Amino acid sequence: MTPQYLIFDASDDGEGTGTWDAMASVRAAELPAVMAEVQTVLTWAENHSPGPSGPLDDGGVWDADQQVQTDGDWTTVTLSITGPWEWGEALVGRFAPSD
């Protein structure tokens, strides 16, 4: 699946852990499609888990946080995933648009 709405941005902590933020801002009619993309990414993350999920400070190997904010006619969905760099890059590579 190539996301039609989510756009990923990566950052590396320099110690082997990364954070991948995916964001989309849409009108109400497109929200179900965005949420389906989020669920597809989360399902991949769970199915290819590098270890237990949860806050890294509490012993988790990877974690995900989803935020949904509505402002007028627009809803912004943000999905942040943190985990081992190689795993996160494989996740983003799985959903990267092909050239």
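What follows draws every value from the coordinates through simple rules; no lab data is involved. Quick caveat: nothing in here was measured; it's all calculated off a predicted structure. Virtual Cβ from ideal backbone geometry, glycine too; neighbours counted across all protein chains shown.
Go ahead and estimate [θ] at 222 nm for the chain from helices alone: -39,500 (n - 2.57) per DSSP H run with n ≥ 4, summed, over the residue count, rounded to 500. Display every interim value, and only then the final one.
Values: 2 runs with 28 residues, N = 99.
After summing the helix terms and dividing by residue count, I get -9000 deg cm²/dmol.
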At R0 = 25 Å the Cβ-Cβ FRET efficiency linking I7 and H48, nearest 0.05, sits at 0.75
What list of ³J(HN,Hα) couplings, whole Hz, do you get for the range 59-73 from phi and the Karplus terms 6.51, -1.76, 1.60, once you set θ to phi - 60° and write x for glycine and proline?
x, x, 8, 8, 8, 9, 9, 10, 10, 10, 10, 10, 9, x, 7
Net charge (Lys, Arg +1; Asp, Glu -1) of residues whose beta-carbon lies under 10 Å from that of S53, S53 excluded, is -2
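For T76 and A36, compute 0.36 nm times the residue count separating them, minus their Cα-Cα distance, and round to one decimal in nm. List each step's numbers first, then the result.
Values: separation 40, 0.36 × 40 = 14.40 nm, distance 1.42 nm.
Once the chain is fully extended between T76 and A36, it gains 13.0 nm.
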Percent antiparallel among DSSP beta bridges confined to the chain, rounded to 5, stands at 95
What FRET efficiency would be calculated for the residue pair A29, Q67, taking the C-beta separation as r and a Förster radius of 25 Å, to the nearest 0.05?
0.80
Would you mind computing, in nm to one decimal, how far apart the modelled labels at R94 and E15 are, each placed 7 Å from Cα along Cα→Cβ?
2.6
